[in-house]
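Undergrad: Here's a structure for you.
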Amino acid sequence: MNLSTKPQHAREAAAEPVIEVQHLWKKYRRPHIKITSLKEAFVAFIRGQTGYTEFWALEDVSFAVQPGEAVGVVGPNGSGKSTLFAVIARVLRPTRGTVSVRGKVCPLLELGTGFHPELSGRDNVYLNASLLGLSHEETRQRYRDIVAFAELEDVMEAPVKTYSTGMLVRLGFSVAVHMDPEVLLIDEVLSVGDEHFQHKSFDRLKQFKDEGKTVFVVSHDLFAVRQLCERCLWVQHGKLLMDGPAVEVIKAYREAVAQQDQAVEG
């Protein structure tokens, strides 16, 4: 059954897309056995066990995202959501097709990645910001705002190995949202910190969107996606099944999951 719907932005003569995905295919190779050492590789070679299976993580996916849109991506585990995110974030190259992203991009994936546990919070802000493309002077100008948003003024001189997980993700999120990108890519990091900080983070993302910038969210948190995004993509088995208003796509996805669960129970 074809669930695709024509998104509203396709009917409107909008500006040039900030994200444009055209006939995207991504193939992986899955080895038949796991090899972790040179010895195991040699034994596998002698026994003729060095083969692999190819599979398509994404198949002929096409869509465009306009400036100022907040777009969510939903689907079950293994559907290709994170692969799609990685290709758009330029971490992976497509096997076929094209992906164009215009403007400054900031991906939020595994907040705190790039933090050195022995360095202070202050030093890690400068380190993480440099990894995201800011100069030392640009980071200096934004440092107070980053720390204030994370609400970690009292611990910035302490090594981050002493931080709780919540403190670490708050600092990572704060650094990312202060990079002032045109496109913010988010992969499963919507629930950061405690409830107070989650509300604060959502308000910041909504402000980001109101400023005409683009938010692209990959998440299993359907409630969060519905709150933040007006449009949603449903990806399953590597294919784009539906593209339309978030409320309609999430409803269809939930119904499909419920039907699948009933079939398994029956």
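The values are calculated or read from the model by the stated rules, or taken from the named source; none is laboratory data. Keep in mind it's a predicted model, so treat the numbers as computed, not measured. A quick note on method: Cβ atoms are made from the backbone with ideal geometry, for glycine too, and the neighbour counts reach across all protein chains shown. All accessible areas refer to the heavy atoms of the entire protein, side chains included, with ligands and DNA or RNA removed. Shrake-Rupley method; radii C 1.70, N 1.55, O 1.52, S 1.80 Å.
Undergrad: Might you report the magnitude of the Cβ-based charge dipole of the stretch 50-197 about its Cα centre, with Lys and Arg at +1 and Asp and Glu at -1, to the nearest 20 debye?
TA: Here the stretch 50-197 has a charge dipole of around 460 debye.
Undergrad: A further question follows. What does the extension gain come out to for residue 154 and residue 206, with contour length at 0.36 nm per residue minus their alpha carbon separation?
TA: Extra length from residue 154 to residue 206 when fully extended: 15.9 nm.
Undergrad: Let me ask something else. Report the FRET efficiency, 1/(1 + (r/R0)^6), for residue 227 and residue 264, where r is their Cβ-Cβ distance and R0 is 51 Å, rounded to 0.05.
TA: Using R0 = 51 Å, I get an efficiency of 0.95.
Undergrad: Let me ask something additional. What does the accessible area per residue of the stretch 53-145 come to in Å², with a 1.4 Å probe and no ligands, DNA or RNA counted?
TA: 49 Å²
Undergrad: Take the residue pairs 104/251; 213/251; 200/251; 27/81 and return only those whose Cα atoms are more than 23 Å apart.
TA: 104/251; 213/251; 200/251
Undergrad: Along the Cα→Cβ direction, 7 angstrom out, place labels at residue 15 and residue 118. What is the inter-label distance in nm?
TA: 4.6 nm
Undergrad: List the relative contact order of the stretch 135-266 as a percent without decimals, with contacts defined as Cα pairs under 8 Å and 6+ residues apart.
TA: Once normalised by length, the contact order is 15 percent.
Undergrad: Please give, to one decimal in nm, the separation of the simple spin-label points placed at residue 256 and residue 141, each 7 Å out from Cα toward the Cβ.
TA: The modelled label-to-label distance comes out at 4.5 nm.
Undergrad: In Å², what does the accessible area per residue of the stretch 194-266 work out to with a 1.4 Å probe?
TA: That works out to 54 Å² per residue.
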